[in-house]
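Take a look at the structure below.
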């Protein structure tokens, strides 16, 4: 009976979680703490009072500093008065994704309507020509994560064929090849990810290694159940909360908390940062990916030694 029920229950659990995560997060996204630079103390106070905790107001000394904050991805948009007609100007970064851009534009329009002010909007960090919906980074990250997951799943059965150090070399070598291939396709070949080639390849190689070693460590410690657990962690929760399809600031509280801590979320941030914001905040996501890869490898090595000691 267990042989029949276990795979069925696991399969139903995985599909339910997948649909619930992807469908549920897109069902009714609400902005919370969207970082917005506002020029001038009075305007900042009024915006904060009108929009409440839906925005995280960063008071800017002038238009130049607010503009710079958008370019460096310290905020997702900048709001300030226009020079001519006493209206408002909103500078957005379309590279933050359609959902985030639409949300912050709607919030600024809400304030402008209540203040009876004209609002004009400009996209100062637009998406690449061949990524009009801003989803290419998500698809690249999803594909690379899946490749690392599949590789690890295959290597779990190679313990009797390859020594541990050879399996490690296989994973690291494949990670490098996967990063180079994905970066070449998404960047120079398709022109959909405008990031520098080598930094992008390195980021995707780290993502591959993180996904592979995480999957392998879960499989080594949990046995057959480790693969669906890795599926849940990386492909379901990790990708659905990555912030690519639905902006991080529109996710529920728990999803926002885990978003940047999982490999897909860290990779989405790194790819966007390299492609559009000059790598201003890329260090944190790269450290996250490296930690997942290195700690996963250490856990696999520890498990291998335990099994060898018993056997």
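The values are calculated or read from the model by the stated rules, or taken from the named source; none is laboratory data. Note that this is a predicted model, so its numbers are computed, not measured. Cβ placement follows ideal geometry from the backbone for every residue including glycine, while neighbour counts extend to all protein chains displayed.
Taking only segment 129-166 into account, find how many residues are part of a helix (DSSP H, G or I) and either under 26 Å from the mean Cα position of the chain (by Cα) or without any contact (Cβ under 8 Å) to a residue 24 or more places away in the chain (or both).
Looking only at that region, the number is 23.
May I ask you to say which residue of 219, 265 is modelled with pLDDT of 95 or more, in a helix (DSSP H, G or I), surrounded by 21 or more Cβ atoms within 10 Å (Cβ to Cβ) and in contact with a helix residue (DSSP H, G or I) (Cβ under 7 Å, 6 or more places away or on another chain)? Spell out the reasoning first.
Values: 219 fails: modelled with pLDDT of 95 or more.
Exactly one of 219, 265 is modelled with pLDDT of 95 or more, in a helix (DSSP H, G or I), surrounded by 21 or more Cβ atoms within 10 Å (Cβ to Cβ) and in contact with a helix residue (DSSP H, G or I) (Cβ under 7 Å, 6 or more places away or on another chain), namely 265.
From the list 39, 100, 110, the one residue that fits, being in contact with a helix residue (DSSP H, G or I) (Cβ under 8 Å, 6 or more places away or on another chain) and within 24 Å of residue 193 (Cα to Cα), is 100. When the helices (runs of 4 or more DSSP H) confined to segment 1-115 are screened for residues that are in contact with a strand residue (DSSP E or B) (Cβ under 7 Å, 6 or more places away or on another chain) and more than 26 Å from residue 274 (Cβ to Cβ), those reaching at least 3 such residues are found at 41-51, 98-115.
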